[in-house]
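Let me begin by presenting the structure, written as structure tokens, before commenting on it.
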Amino acid sequence: MSEAITTEIKEVAFFGPTGGCALAALKLALESGCRCSALTRRPSHLLTQLSSLPQGTLQNLTITEGTVQTPTAVLETLRSQTNSSLPRKYIISGIGGAPKFGLNPFRPTLDNPHICQEAAEAILSGLRELKGGAAEGEWQQPLLAVISTTGLVPGELPFVMKPLYGMLKIPHEDKVKMEGVVTGAEEGLLKWVVGRAGLLTDGPAGGAVRAGYAGRVRNGSGKWGDVEGVAVGYRISRGDVGRWLFEEVIGQDGGEWVGKRVCLVY
Ligand SMILES: NC(=O)c1ccc[n+]([C@@H]2O[C@H](COP(=O)([O-])OP(=O)(O)OC[C@H]3O[C@@H](n4cnc5c(N)ncnc54)[C@H](OP(=O)(O)O)[C@@H]3O)[C@@H](O)[C@H]2O)c1
């Protein structure tokens with residue numbers, strides 16, 4: 001008897017899909033045949049952003065209109081299409097706030113200074129609800145990737161970037177809290193990857209991305225090297241962050257990056 005060949009159709013939930021990083025990952029996921037869901041406040045804007053994709057690919061996209069502050073919308077986005085009592089296997093969050101400048105132009109804040117933390121808490125609480133309703137032994141931990149930033153801990157930034165990042169205290173506090181929520185999740189709920197991106201640009205994808213965590217770095221050609229610190233660099237394009245999320249998180253089930261805070265730079 002011939003062995004049955006099963007090809008897994010990957011299911012991915014996207015939060016913040018209209019932002020450049022998550023959008024790039026979403027496009028690649030749809031092009032490769034993944035079944036995607038997306039939570040957005042602006043469905044028509046998202047569809048415009050996706051209009052360059054071949055029509056058929058959008059059949060694999062389910063859009064839920066809403067915010068991360070709406071638990072039912074978050075839950076709908078998380079649910080697997082094949083078994084609605086379980087979550088999708090991969091969750092990508094590129095949620096972030098819009099910069100807001102007050103009286104002090106050197107201390108910008110965000111329209112919601114707690115947005116990343118709130119999004120992470122909302123995703124985890126949706127997962128807890130699904131896990132609570134899952135049958136005994138049925139739960140399979142999804143892999144959640146969130147986009148954070150370099151410069152949260154010493155040693156991640158080139159010296160000349162320190163003054164610029166010093167101005168970003170408020171957005172960075174939110175990222176620290178978001179990372180804390182994700183990495184502090186109770187055992188068995190989820191697996192995680194934190195992508196700490198360098199300064200984001202709108203440049204083209206296809207650059208030599210260096211990715212690494214303390215002690216171990218994969219250089220632009222994909223080879224591993226043992227180093228003293230992390231991957232230190234200036235910038236990375238949103239397209240390349242999305243490509244990295246697609247290739248490493250969705251494509252490789254997170255590989256060596258699971259449970260790591262990974263700096264992503266050129
Ligand atoms: N700028 C940098 O140099 C830099 C460096 C490292 C990391 N980061 C961080 O990386 C992440 C991704 O950045 P990006 O530039 O790709 O995306 P972005 O432009 O910051 O997009 C943010 C996304 O979050 C969504 N969003 C905001 N509030 C929401 C809410 N209450 N409910 C639902 N969705 C909400 C936005 O949706 P709408 O379309 O509805 O607005 C948008 O899709 C962000 O967290 C950013 O702060 C930035």
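The values are calculated or read from the model by the stated rules, or taken from the named source; none is laboratory data. Model, not experiment: these values are computed from the prediction. All Cβ positions, glycine included, derive from the backbone under ideal geometry; neighbour counts span all protein chains shown. The area values use the complete protein model at the heavy-atom level, side chains included, leaving out ligands, DNA and RNA. Shrake-Rupley method; radii C 1.70, N 1.55, O 1.52, S 1.80 Å.
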Simple spin-label estimate for GLU136/ALA98, 7 Å along Cα→Cβ, in nm, reads 5.1 nm
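What length, rounded to one decimal in nm, is gained on full extension from ASP226 through to LEU164, with 0.36 nm per residue of separation minus their alpha-carbon distance? Please list the in-between numbers first.
Details: separation 62, 0.36 × 62 = 22.32 nm, distance 2.89 nm.
Full-extension gain reported as 19.4 nm.
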Please give, to one decimal in nm, the separation of the simple spin-label points placed at ALA214 and ASP253, each 7 Å out from Cα toward the Cβ.
2.7 nm
Using all C-alpha to C-alpha distances in the chain, build P(r) with 10 Å bins and read off the rounded percent in each one.
7, 30, 36, 21, 5, 1, 0, 0
Hey, can you grab everything whose amide H is under 5 Å from the amide H of TRP192? Only 5+ residues off in sequence or another chain; H modelled, so Pro and N-termini drop out.
LEU144, GLY259
Residue-span extension gain [GLN81 to TYR234] - 0.36 nm each, minus C-alpha spacing
51.1 nm
For segment 77-204, what is the largest minus smallest coordinate of the Cα atoms on each principal axis, given in angstrom and ordered from greatest to least?
52, 31, 29
Can you tell me the FRET efficiency between THR48 and THR201 if r is taken as the Cβ-Cβ distance and R0 is 30 Å, rounded to the nearest 0.05?
0.85
Under 22 Å between C-alpha atoms is the cut-off here; go through the chain and count lysine pairs that meet it, provided they're at least eight residues apart or on different chains.
22
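How high is the FRET efficiency between GLN59 and VAL176 when r is their beta carbon distance and R₀ equals 51 Å, given to the nearest 0.05? Don't jump to the answer; show the numbers that get you there.
On the way: r = 39 Å, r/R0 = 0.77.
Calculated transfer efficiency: 0.85.
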Rounded to the nearest percent, how much of the accessible area of segment 150-229 (1.4 Å probe, protein heavy atoms only) is carbon and sulfur?
59 percent
Can you give me the three principal axis dimensions of segment 194-236 from its C-alpha atoms, in Å, biggest first?
30, 18, 17
